[in-house]
Amino acid sequence: MIRWLAAVALLLAFALLAFALPAAAHLTPNSEVKFAFGGGHVTADIIIPQGEYAAATGNPTGNDRQSLQRAAGYLHKNIAVRAPDGRNWVMSFQSLAFAQIAGPPDLHAVARLDPPAGAPLRQFRIDWQAIIAEQPGHFVLFVAVADFAGGKTDHRPHILGALQGQRRSLVIDRGDASLWRGLGAAMRLGMHHIADGRDHMLFLLTLLLPAPMLANGQRWPNLRWPNRHWNARRTPRAALLHLAGIVTAFTIGHSVTLVLVAALGWKLPAPPVEIAIALTILVAAVHAWRPIFPGREALVAGSFGLIHGLAFAGVVAGLGIDRTEKALAILGFNLGIEIVQIGLVAAILPLLLVVARSRRAAIWRNTGAALAGIAAAAWLVERVSGHANPITRLLG
Amino acid sequence: MRQTRLIAGLDPATPDDSAPHVRRRLVFVAALILVAIGIVSAIDRLPPVPAPARAVPLRYGYGPASYAAALTRANEDVLLGEERVARAPAEWVFQEYLAQALLVRARLTGSFIDLARADAALAHGLASAPPRTGPQLMAAIGAMTVHRLGAIPALLDAHDAAVIPADVAERAEVLALRGDTAFYAGDSAAAHTAYVAAMRLQAAAGIAVRLANLYRSQGDYAAAQAQIAAALAMTKAPSRALHADLLLQQGAIRLSSGDWPGAQTLFAAADQVFSGNWRTAALLAQMAAVRGDTARAERLYRAILAGNPAEPPPEIMDALAALYRAGGNTAASRIWADRAAAGWATRLALLPEAAVGHALEHELVFGTPARALALARQNVAARPYGDSNILLARAMLQNGDPTAAAAVLAQVAASGWRSADQFALLAQAEALLGHGEAADAAQARALAINPRALDPALPLLWFGTH
């Protein structure tokens, strides 16, 4: 009997411990206020969960005029922005609606905040009663999403502070700012992006790989057989000119789309652009192995540069509030890209020229082409399938 | 000749004597691209992708095929136990049998009444047993079930000293229970040592699942999944219930890592393997809710409540109330939250240690901060492990004490606990303290563990994420 009971006990212990339905975090939805600084005012993107708003106020949550007026009135009554000297800022709603942004529906308001005359734009206090006055457990998060003049060029929201329960007042101080600071930050962003953008650099390097050589039909020269009639190389001066042409064409290509897309504020889906970029590397790798567009490298660099520029534009889009800030953001970003690009080409150029004149040039070129092709194929598979593979994990 | 026109300054011997074969080149390039993609795709398939537990094993072993069948059997066992106890109330073996039957039924239904009855039966059994005999092991299991950690070591010591020595399986289980005690006391290292020792004594699925739970608490989801897979592999002919439970555990791990579609698939598979389980239905309901199918979620939650009119689970009422609240239906939300509050009050009166954690979660969402804090402290006193401390930190935040909350969360991190909600909460505490960079860093850690850690739909996930 004891043994039988013990066996049941073992089964039970397993069952009770392992199969209890674990609980979840049981979060209550938060409110969030996203500040964008620039253009002589502050924009506040306010999201309040619709359910929390309804529970706190008992107000209707429709998009009819009366419901929205009550919502606007509630926000005006419960949100105030004040200058350090106590004067009120002007808060005007640019939009207000009950909408489903992500997850359950929200009360979504975009408010323009204008400081009183002479008051600093980057220093203010926000007094917030909305929802937390009625529901002490409610949490309101304040983040900065745009501050070009303050040097913020990433797209991540930066947490400024939060309010909950009896904490109902938050002082915001964004410190000093200038357009030069924004320009410098945009340049650093461009430099980091191109330095981290392995695919962009690999494309350019792969295209440069056979540049000092002159194709003859379907072959690159091979100095192991120097007397073959189809072997040919560019003179150093010609090679330099050709390399400069490729780099310049790539720069013009990506600059054109970068400026156009970013300035016009187009939002392009990233996946097709990323796939196209991987394809450009693959094509360049094949060309480095066997010439498929001999002598037209500059033209191809310019054309493919247009595609790479689309990816750059995705990074710089959204920076800056007004035209001046946007223009400086694009300029700074592009300058940053060019600085790194020129530096890299300058560093690699002597090596390319030396290798091109070596007897093992073909081996080096083919090895480089193969490696670039493998990397490109790996990126292509990853970007099409949506799953990382061992090679892309290795590439980082 | 084209190239000489394009680029000046060529070496003299550069004839261009081959006409471009455009078509051949295009075919060549296309073939190369296809080959390259094929190679990479093949390489991509090389590492074994952790697969979910088999949805349909080749052969099921013992056990009922559905929840209804399992409940029928559990009811019969309880009746038999009651009959035996009625005939000989002083026989501790019969009390133990009844307690075991009640615990099994409680495990199915979630009934606190059955848990309390099992608790009473075990107390009778312990009191009536002669020296060095008695239902100590079952009593330890019962104590673990109702979160009464303090009683367990003495019960296990008594079991070790019993007249009839324990066999190897029992000794392994005793070690595992000591590991459980350490885990819920917040000592993950001691828990790991005990589980590993138990596994060495006799490898068993139950111990593998405990290890999975431990690894999951440390944010090592791959190791947790591997242990669940091992648990299934070491069971030659699993029952449908066991297989379904392992699928639920795998789904819960997917939830913790933010893989909501993967979790949904596993929960649906569990429902297919062992149909009618209301806990599985609850998980499917919440997944419907986060997908935006609130009508289906509401229907499933209401069906669960209608299926158990005698003791409707208050956690389901809470989930339903949260669903209504998210949709702006405040009146319905309040009705169900009030009903849940009554349910938790009843359970707190029956078995306070077992109910306090759940009642606290209700209070944090629908109740008052002061009462939530009081319950949170009781909960930590009962089980001072990571989850309890995270809830305490949440209650502290609601009571306006982010400094204390951050300190508690630092202790949690120091214990080796790693979860997305822990770092998301730390981000809130740091934000309230005005530490923007620390808040950003904590938020980044939360997102690294679970990319959906800040998803606005997260409040609709009521079950299975920790």
Nearest 10, in degrees from 0 to 90: the angle of helix B:330-350 to the longest Cα principal axis of chain B is 50 degrees
Nearest 10, in degrees from 0 to 90: the angle of helix B:294-307 to the longest Cα principal axis of chain B is 20 degrees
Over the whole of B:426-432, what's the average partner chain Cβ count within 10 Å per residue? Rounded to a whole number, please.
5
Given the DSSP H assignment, sum -39500 (n - 2.57) over each helix run of at least 4 residues in chain A and divide by its residue total; what's the result at 222 nm in deg cm²/dmol, nearest 500?
-17500 deg cm²/dmol
Provide the packing ranking of B:117-125, A:80-88, B:411-419, B:259-267, i.e. peptides ordered by the mean count of other C-beta atoms within 10 Å per residue, highest first.
B:117-125, B:259-267, B:411-419, A:80-88
Stokes-Einstein at 10 °C, 1.306 mPa s, Kirkwood radius from Cα pairs: D for the protein assembly as shown in µm² s⁻¹?
51 µm²/s
Determine the percent antiparallel among the DSSP beta bridges restricted to the protein assembly as shown, to the nearest 5.
85 percent
Quick one: putting +1 on the C-beta of Lys and Arg, -1 on the C-beta of Asp and Glu, what dipole do you get for the protein assembly as shown around its Cα centre, in Debye to the nearest 20?
3200 debye
How many lysine pairs does the protein assembly as shown hold where the Cα atoms are under 27 Å apart and the two sit 8 or more places apart or on different chains?
7
Is chain B rounded, prolate or oblate when judged by the Cα gyration tensor, a ≥ b ≥ c being the square roots of its eigenvalues, rounded requiring a/c under 1.5 and prolate requiring a/b larger than b/c?
prolate
For region B:314-448, what percent of Cα pairs sit more than 25 Å apart?
31 percent
Quarter of the surface of the C-alpha convex hull for region B:225-355, i.e. direction-averaged projected area in nm², equals 9.2 nm²
Suppose a student asked you for the relative contact order of chain A, using Cα pairs under 8 Å spaced at least 6 residues apart; what percent would you report?
16 percent
Cβ neighbours within 10 Å from other chains - mean over B:142-148
2
As I understand it, the value is the acute angle between the Cα axis of helix B:205-217 and the longest principal axis of the Cα atoms of chain B; what does it come to in degrees, rounded to 10?
60 degrees
Relative contact order for chain B, counting Cα pairs under 8 Å that sit 6 or more residues apart, in percent
13 percent
Shape metrics for region A:284-338, restricted to C-alpha atoms - Rg then Dmax, Å:
15.6, 48
Return, ordered by residue number, the residues of region B:326-365 whose backbone nitrogen is under 20 Å from a label point located 7 Å along Cα→Cβ of B:Ala381.
B:344-364
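Readers should treat all values here as calculations from the given coordinates under stated rules, not as data from a laboratory. Remember, it's a predicted structure, so these values are computed and weren't measured experimentally. Neighbour counts are summed over all protein chains in view; Cβ atoms, including those assigned to glycine, are modelled from backbone coordinates with ideal geometry.
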